[in-house]
1. Averaging the inverse of every distinct alpha carbon separation and then flipping it gives the Kirkwood radius. What is it for the range B:368-507, in angstrom units?
2. Given Cα positions, please report Rg to Rh for the range B:264-498, the hydrodynamic radius being the Kirkwood one.
3. Given the rule -39500 (n - 2.57) for each run of at least 4 DSSP H residues, summed and divided by the residues of chain A, what is its mean residue ellipticity at 222 nm, to the nearest 500 deg cm²/dmol?
4. If you wrap a convex hull around the Cα atoms of chain B, how much volume per residue is inside, in Å³?
5. For the range B:11-246, what relative contact order do you get, as a whole percent, if you take Cα pairs closer than 8 Å and at least 6 residues apart?
6. Using only the Cα atoms, what convex hull volume per residue in Å³ does chain A have?
7. So what's the convex hull volume per residue for the Cα atoms of the range B:76-212, in Å³?
8. Could you state the number of Å between the C-alpha centres of the range A:176-196 and the range A:36-61?
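The values are calculated or read from the model by the stated rules, or taken from the named source; none is laboratory data. Remember, predicted model here, so these are calculated numbers, not experimental data. Cβ coordinates were reconstructed from backbone atoms using ideal geometry, including for glycine residues, and neighbour counts include every protein chain displayed. What goes into the accessible areas is simple: the full protein's heavy atoms, side chains included, and nothing from ligands, DNA or RNA. Shrake-Rupley method; radii C 1.70, N 1.55, O 1.52, S 1.80 Å.
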Amino acid sequence: MIQDKPNTPSAPRFHWSDVFETWGGLIALVIMAAVCSLLPATRDSFLNPENILNIINQKAFLGIVAIGMTFVIISGGIDLSVGSMIAFVGGLAVVLMKKIIDSSGTEWLGVLAACAIAPLAGMVLGWITGLIVSKGRVAPFIATLCGLAAYRSAVLVLMDGGGESAFGVSSFEAISSTNNGIPLLNWTDATGREIALHLTWPIIVFISIAVLGQVLLSHTRFGRYVVAVGSNETAARYSAINVDRVRLITYTLIGLCTGIAAVLLASRLSGIDSSNTGILLELDAIAAVVIGGTRLSGGRGRIWGTVIGVLILGMIDNVLILASVSTHWQGLVTAGVILLAVLLQRSRSE
Amino acid sequence: MRAYLHSVPEPILTINGVTKDYPAVRAVNDLSLAINRGEAHGLIGENGAGKSTLMKMLSGLERPTAGSITFEGQPLELRSAADAMKRGIAMIHQELNLIGELSVADNIFLGRERTTLGLVDRGSAETAALKLLNQLGSNISPRTRVNRLSIADQQLVEIAKALSCEARLLIMDEPTAVLSERETNALFRVVNQLRLHRGVTIIYISHILPEVRRLCDRITVLRDGQYVKTVEPREVDDADLARLMVGRDLGELFPQRAAHLPDTVLEVRNFFVDGWVRGAGFELHRGEILGLAGLVGSGRTEFAEAIAGVRRRRSGSVSIIGEPADIRRPADAIAHRLAYVSEDRKLRGLHLDLSITENTTLANLRAYGFPLLKAAARRASAQEHARRLGTRCATVQQRVSSLSGGNQQKVALAKWLDTKPNVLILDEPTRGVDIGAKQEIYGLIHQLAAEGRSIVMISSEMPELIGLCHRILVMRNGRIVGALPGERATEADIMHLAAGLRENRVA
Ligand SMILES: Nc1ncnc2c1ncn2[C@@H]1O[C@H](COP(=O)(O)OP(=O)(O)OP(=O)(O)O)[C@@H](O)[C@H]1O
Ligand SMILES: [Mg+2]
């Protein structure tokens, strides 16, 4: 007890808004799940292990990028370039892989190179963005807007406007296959077919990065510096925090996440399409972060919130498909859910 | 100047059993108070006593949890500061609330822009602003961008803003904390004019008791959110007021002076900082408390910032215990066990939306484990500092923004004490701090010096420099113009040197 002088005793008063501020995202997720499991149109198809795993698997790529985005946003930045970057570094990886396999004939060498080059290229690009933002003092919005245009253009040039397929490179396609990973259980689906459900590699990677991200954010010096820089940059500088370096690392980190996601995505799609892959990914990632309760202006945020945000976005897509609602509705529903989640989590003190 | 305008005091404002609860504390507790029309009413109390909270309820920023307020015979139910202004109530806030990117004139008339044909009329706003600023004895140009101004000048703009809306009740929450003597005098003149000629009622909050006694007709003391007593200035002295505030006898304000060791710990030579410091330097001994006096704008803060590596210097050298120390960045200063506690806690000193623990340990995170930080150790350390400094908080996990101004200052101090510095540069460490806490901070400084740490203390309160320091350096126009022995210095000596009436060049 710090209060040595007896202040007026008064119990902390309970406020619903405090509960929502912290748990709003989770509450929204649970309510949505409950509704979907009760609605006649989706009752049977929604709440079963196959479908749930499917949702997570579908959005694992987005989730990995969104965790990088959480760091960037908490530090007071933004990254609009991830959608183009995922296509570019993914494309780079696939092209390189094909070249190596064609010239050397050894498939594993090509696959290994692809798995290495995408995260590496992502890191380098992120690091460059970080330099432009921190040393070059260019606003993150502008710097990454340039990235959005440049990387898309670069991948279009690389593939001459078309795509590069990884079809037939079976060990590459296997990475994101739903038949790979950690076996969970055997499941009889609606048609009576028995299938073995797996915790797929994208899911495993997503969960691992989320756990690492949470630890990094809450329990390491770097994580605390990210929060401090986003909350008050001047005070951070006076506290001997190397603000430029913190910024640089956050952008390198999101580049790395995007690179990892690129490998998984390229494997899942069996290639990269230069004009379509990753379009609007940046907005989905930002949406997931914001639904998760991270403040868009920085200084406050949480990784597990972003994970929930990703799941909510995945659930919206999934349920609309299950209920055979036209995909044209998707934007409206998503907009409504984002607004609702953000309204729920408004802080009482602001 | 204590003449009442009305022979029979007539209350303009009645506060009736008002209570304000925040999530973890009851900031104001069943408080009743009447303020008379045309008086200057002082409001004093310890940090966290609830003064600002009470005033926020009068100016529409907070709403009472219970109780009622009557203003000019009508119930006062405010939803915003704009509501309050419409009713004729203006408040000058403890923390500056200006928009840095806008000009002085734009800030003064913010939300009440003067327009002709729907367009903002800059010219007439600037003329009006100039007039207000002249009344305050300031020569700031209305066109200057506010973030170019010193803190003292910003405070004057804040005051001009409150004056501009012709309020009938003017609330001033520690308006002089950042002002020099001259500016304070100008402010008091304006306040007295407002009262005597325009019948404006003033509520005045300050921790500088002589000032309150000089300006006010009556003084109300609050403690722990409750009303203690209302007194007239001539029936009490500062010690009485302090006793009412703290609830016990304070005794001597300053600790017994102790001798320091002769060896030099810090040597600063020939510092130049563009626009501010022109060849300043000093020597600091082990266990010494060295005062740095001077007028606002004399370059003290800039000098200190340059020593600590947060501000670029043109030239100058530092040596610590005889070894040259190249301090270019704040991290270098920490590595050399030198800490600088900044004067502006809101902008530079603290992360207001982070917790006490977070703030206290931020500059010293290296000490709390790698790669993973030890949460329990950080909390324990924050608790230890809070205990030692007497920080009033419910828990150390509380956000700093929910602390009272003076308690925020203690957290800023704790943050730098946590880096275990050998040399500590304190810039206005008791600004906005109540008298009991001041005494605690003096005791702490004394104790740190007795442990063999050396302290440079920048302060505009001359009595505390005289009462605490071994030596006092006086700075003017970026130079050290004099050195005085602490126990024999007088305020007049310091003022003469600071204002350039006498020169006594050293080093
Ligand atoms: N927004 C808030 N949320 C929670 N608690 C608050 C908030 N604002 C103030 N408090 C608490 O209310 C109490 C009274 O604070 P207040 O700012 O009124 O003190 P004060 O008398 O003005 O002190 P000081 O002299 O330090 O400015 C303190 O305990 C403070 O921690
Ligand atoms: Mg206050």
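1. 16.9
2. 0.96
3. -22500 deg cm²/dmol
4. So the per-residue Cα hull volume is 160 Å³.
5. Details: 456 pairs, mean separation 64.8, N = 236.
Computed value for the range B:11-246: 27 percent relative contact order.
6. Convex hull of Cα atoms, per residue: 172 Å³.
7. On the way: hull volume 16.3 nm³, N = 137.
Cα convex hull per residue, to the nearest whole number: 119 Å³.
8. If we compute the Cα centre of each part, the gap is 14 Å.
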